Amino acid sequence: MQINPQYDIVIVGAGMIGASMAASLNQSGLSILLIDKHLPSTPLSQQPDLRVSSLNLGAIRWLKQQGIYQQLDPSRIQTYNALAGYEKGGAHLQFNAADINEDKLGCFVENKHLQQAALKVANCQQLELAITSIKANEQGWDIEFENARQTRTKFIIAADGANSQIKQALNFAQFGWQYRQSCLSVNIEFHSALPKVQQTTTWQTFRPQGPIAFLPLFDNFASLIVYDSADKIKALQQLSETSLKQALAELFKEKITADFDVIQAGAFPLTKRQVNKRYHNQALLVGDAAHTIHPLAGQGVNLGLRDVAAASHTLLNAINAGESWHQADIWQRYNQARVKDDNQTSFAMDSIYKLFSNDLVPVKLFRKFTLNTLDKMSPLKQTALHFALGLNDPYV
């Protein structure tokens, strides 16, 4: 397909976040190019994809506003109306949708499924391209692609993930660290359907070495998540399917008694990264390009979608007000709001990580007291739940 010599915006990265960004700008009247090194070319398989995200209620509402959620296949979405946390010794905390007069807290959806839905809604030009160079010009950026193709743009939006090429090429400063845990994600299929209460409840059990979690998926599928040391996760990953099933059955035996088969498994390290300035010289970072946080509460994609919601709101408001939407003063306000949200969410995740990755007796007593007290205090639970569900965000 022909590349235009000039675009108002080039969005780099067509995953869930980049595709949603493009879809949210359908009414902008701007010329937009969405590119990715690999656009999805195959349909979803019968079994769930290994990469699954938890969409909270705020994200679902925003996706519905964009017309993206309606493009999802309902038969592949698993909603949940209860979220529980446990610790050995009886400490327990459960959030229910009924606590805030809702019918659900969120849903689990495959990343590829959400990506395809957003790409279907986005009405901009979508091309499979790899960038070879980016150079600043007096009005924005010159971008060169493989095969000597090139274009110009006033504005770049980088949604190309944690290892963002744009972030590195344009020298966005970042900080972060490696967590002392890695994560194993395993898709399983139960031999028979679970009771409805189990199919609509997601939970985590906290252990000093890292939590384990249960994510119900569509049909009889589910995702089992194990956080542990890198060596332990590597050892689990190297097991045969039969041995891995036995290890998982032992780990999850207190909550899962139904028989299951292992479908597929994958592991990844846990890394914290964040940039303080999301905007620089007519370039903007969103999603994992701007921040990665500990995934234990599944907040990463929700945080990224709030980036997109705020960015599209900022841009569309500037256009409607007749402002120069690509100039720095517009995006300084955006940056301040997003850094605040990122810091609050990251602090909450890191606090949970540190609190529950400790086996000291005083800390264990404090954990037990905190969980049991919060579980009995409805107003405090509602406040925590509104935060976790992204319902305090002004753009969702």
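Against the chain, whose longest principal axis is taken from its Cα atoms, helix 111-121 shows a tilt of about 40°. Entry note, the chain: the mean residue ellipticity at 222 nm calculated from DSSP H runs of n ≥ 4, each adding -39500 (n - 2.57), is -10500 deg cm²/dmol after division by the residues and rounding to the nearest 500. Counting only DSSP beta bridges with both residues in the chain, the antiparallel share comes to about 70 percent. For the range 290-333 versus the range 1-40, the spacing of their alpha-carbon centroids is 16 Å. Relative contact order of the chain, taken over Cα pairs closer than 8 Å and 6 or more residues apart, is 21 percent. Fully extending the segment from residue 380 to residue 27, taken as 0.36 nm per residue of separation minus the present Cα-Cα distance, adds 123.1 nm.
Hey, with R₀ at 22 Å, roughly what FRET efficiency would residue 101 and residue 193 work out to, going by the Cβ-Cβ distance, to 0.05? It comes out at approximately 0.20.
Please work out which option in (1) 59, 53, 48; (2) 73, 48, 35; (3) 64, 42, 39 gives Cα extents along the principal axes in Å calculated from these coordinates, and answer with its label. Structure-derived value, by its label: (3). Along the range 134-148 the Karplus relation, 6.51 cos²θ - 1.76 cosθ + 1.60 evaluated at θ = phi - 60°, assigns HN-Hα couplings of 9, 9, 6, 10, 5, 10, x, 9, 9, 10, 10, 10, 4, 6, 6 Hz to successive residues, with x for each Gly and Pro. Since only 316, 55, 206 are under comparison, the one whose Cα sits farthest along the positive direction of the charge dipole of the chain, derived from C-beta charges on Lys, Arg, Asp and Glu, is 206. Taking the Cα centre of the range 1-132 as reference, the dipole from Cβ charges on Lys and Arg (+1) and Asp and Glu (-1) amounts to some 80 debye. Cross-linked pairs 104/381; 135/340; 272/340; 167/340; 112/340; 37/167: Cα-Cα separations exceed 24 Å for 135/340; 112/340. Each residue of the range 41-50 was assigned a 3J(HN,Hα) from its phi angle through the Karplus expression (A = 6.51, B = -1.76, C = 1.60, θ = phi - 60°), giving 10, 10, x, 5, 7, 5, 7, x, 5, 5 Hz with x at Gly and Pro. Partners of residue 234 within straight-line reach, counting aspartates and glutamates whose Cα lies under 18 Å from its Cα and excluding those fewer than 8 residues away in the same chain: 250. Each residue of the range 72-82 was assigned a 3J(HN,Hα) from its phi angle through the Karplus curve 6.51 cos²θ - 1.76 cosθ + 1.60 (θ = phi - 60°); the sequence is 6, 6, x, 6, 10, 9, 10, 7, 9, 10, 9 Hz, with glycine and proline shown as x. Modelled spin-label separation between residue 321 and residue 47, with each label point placed 7 Å from Cα along the Cα-to-Cβ direction: 5.2 nm. Roughly what % of DSSP beta bridges within the range 1-137 run antiparallel, to the nearest 5? In the range 1-137, DSSP labels about 60 percent of beta bridges as antiparallel. Stretching residue 146 away from residue 246 to a fully extended chain increases their span by 31.2 nm, per 0.36 nm per residue minus the current alpha-carbon distance.
Computed from the coordinates by the stated procedures, all read-outs in this text should not be read as laboratory data. All figures in this text were calculated on a predicted structure; none of them were measured in a lab. For neighbour counting, all protein chains shown are included, and Cβ atoms are generated from backbone atoms with ideal geometry for every residue, glycine included.
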